[in-house]
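Novice: Dumping the structure here so I can ask a few things about it.
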């Protein structure tokens, strides 16, 4: 007889509208133009998704220099790119399609607007993340200062007359970012802020859903890739809100179910770039060892949908 296990299934979880749009762009481009289609950087940070698209004919590269002049489309990932990448593509007369999430593009436009107003931009984000590289790359060198934590604010030294504004990466921890912003405002009372919060709806909702189940969970699994910012933040949120064992996994085959012996309640969520099929895979795997009861804990319904570029619209 299998021991009982209640799985608290966080909702919303998994794909967000920006990820869904980016994947559709690659699939529609393959359908319309045929393989190969080139994609600069992983279209989204999920190995299962990338491998699936690679199997259909997508070729993933890290530099435009890896792409031959064969007239085939190159797609820019959902994380966005620096202006110099777009300019290089234009110089080479490449046919490119931009799959940047519209909510990331919003941050780009915001930073440009502040720069035109004479502001120095303080960007809250993770150094080296492609979204941060893309946002900083919208403006000239030296126009954006990156900070990752409250302690970094001590390194910011500006003239009292200098106009300042801040933007944030879209996939940050809400709690951590709120603390950084609070400290920024105390240090620079006149700093300008976004008209609408930069952390996206999907990040906000998925973190809230994990908070709702964390304290009830003996252990909590987040399905996502190690290089996925929003997935890693979900693990951190779970740990900070009452779950002593929060773990990031990519696939069900990584889970050692014997290590969960005696567990009664398992929390389960998925990062914004993880498809539902991986959630189903984990639940199916759990049923091999436990008598599973599913309890979905939903904190909101999402109905966001972003338009596909016109060049890929079916007429």
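The values are calculated or read from the model by the stated rules, or taken from the named source; none is laboratory data. Values in this document were obtained by computation on a predicted structure and should not be read as measured data. Neighbour counts are summed over all protein chains in view; Cβ atoms, including those assigned to glycine, are modelled from backbone coordinates with ideal geometry.
Novice: Being surrounded by fewer than 16 Cβ atoms within 10 Å (Cβ to Cβ) and either in the same structural domain as residue 206 (by TED's automatic domain parsing) or in contact with a helix residue (DSSP H, G or I) (Cβ under 7 Å, 6 or more places away or on another chain) (or both) is true for just one of 179, 155. Which residue is that? Quick ask: steps written out before the conclusion?
Specialist: On the way: 155 fails: either in the same structural domain as residue 206 (by TED's automatic domain parsing) or in contact with a helix residue (DSSP H, G or I) (Cβ under 7 Å, 6 or more places away or on another chain) (or both).
So the residue among 179, 155 that is surrounded by fewer than 16 Cβ atoms within 10 Å (Cβ to Cβ) and either in the same structural domain as residue 206 (by TED's automatic domain parsing) or in contact with a helix residue (DSSP H, G or I) (Cβ under 7 Å, 6 or more places away or on another chain) (or both) is 179.
Novice: Now a separate question. Tell me the residue from 10, 29 that is in the same structural domain as residue 223 (by TED's automatic domain parsing), in contact (Cβ under 8 Å) with a residue 40 or more places away in the chain, farther than 19 Å from residue 134 by Cα and buried (at least 22 other Cβ atoms within 10 Å of the Cβ), please. Give the steps one after another, and end with the answer.
Specialist: Working: 29 fails: in the same structural domain as residue 223 (by TED's automatic domain parsing).
After ruling out the rest, the residue left standing is 10.
Novice: Considering only residues that are more than 28 Å from residue 22 (Cα to Cα) and in contact with a helix residue (DSSP H, G or I) (Cβ under 9 Å, 6 or more places away or on another chain), look in the range 120-146 and name the one that is surrounded by the most Cβ atoms within 10 Å (Cβ to Cβ). So that I can check it myself, show each step before the final result.
Specialist: Narrowing the range 120-146 to residues more than 28 Å from residue 22 (Cα to Cα): 120, 141-143, 145.
After this cut, where a residue has to be in contact with a helix residue (DSSP H, G or I) (Cβ under 9 Å, 6 or more places away or on another chain) as well, the list is 120, 143, 145.
Working: 120: 20, 143: 15, 145: 16.
Going through the qualifying residues, I end up with 120.
Novice: Of the numbered conditions (1) under 16 Å from the mean Cα position of the chain (by Cα); (2) closer than 13 Å to residue 9 by Cα, residue 221 satisfies every one except a single condition; which is it?
Specialist: Only one criterion is unmet by residue 221, namely (1).
Novice: Would the range 161-174 turn up any residue that is touching a strand residue (DSSP E or B) at 6+ places or on another chain (Cβ under 7 Å), more than 19 Å from residue 113 (Cβ to Cβ) and assigned by TED's automatic domain parsing to the domain that holds residue 119?
Specialist: Looking through the range 161-174, at least one residue is touching a strand residue (DSSP E or B) at 6+ places or on another chain (Cβ under 7 Å), more than 19 Å from residue 113 (Cβ to Cβ) and assigned by TED's automatic domain parsing to the domain that holds residue 119.
Novice: To continue, here is another question. When residues of the range 119-148 are filtered for being assigned to a loop (DSSP other than H, G, I, E, B) and free of Cβ contacts under 8 Å to residues at least 60 places away in the same chain, how many remain?
Specialist: Residues of the range 119-148 assigned to a loop (DSSP other than H, G, I, E, B): 119, 125-129, 137-143, 148.
The next check asks that each one be free of Cβ contacts under 8 Å to residues at least 60 places away in the same chain; those that pass are 125, 127-128, 137-143, 148.
Residues in the range 119-148 being assigned to a loop (DSSP other than H, G, I, E, B) and free of Cβ contacts under 8 Å to residues at least 60 places away in the same chain: 11 in total.
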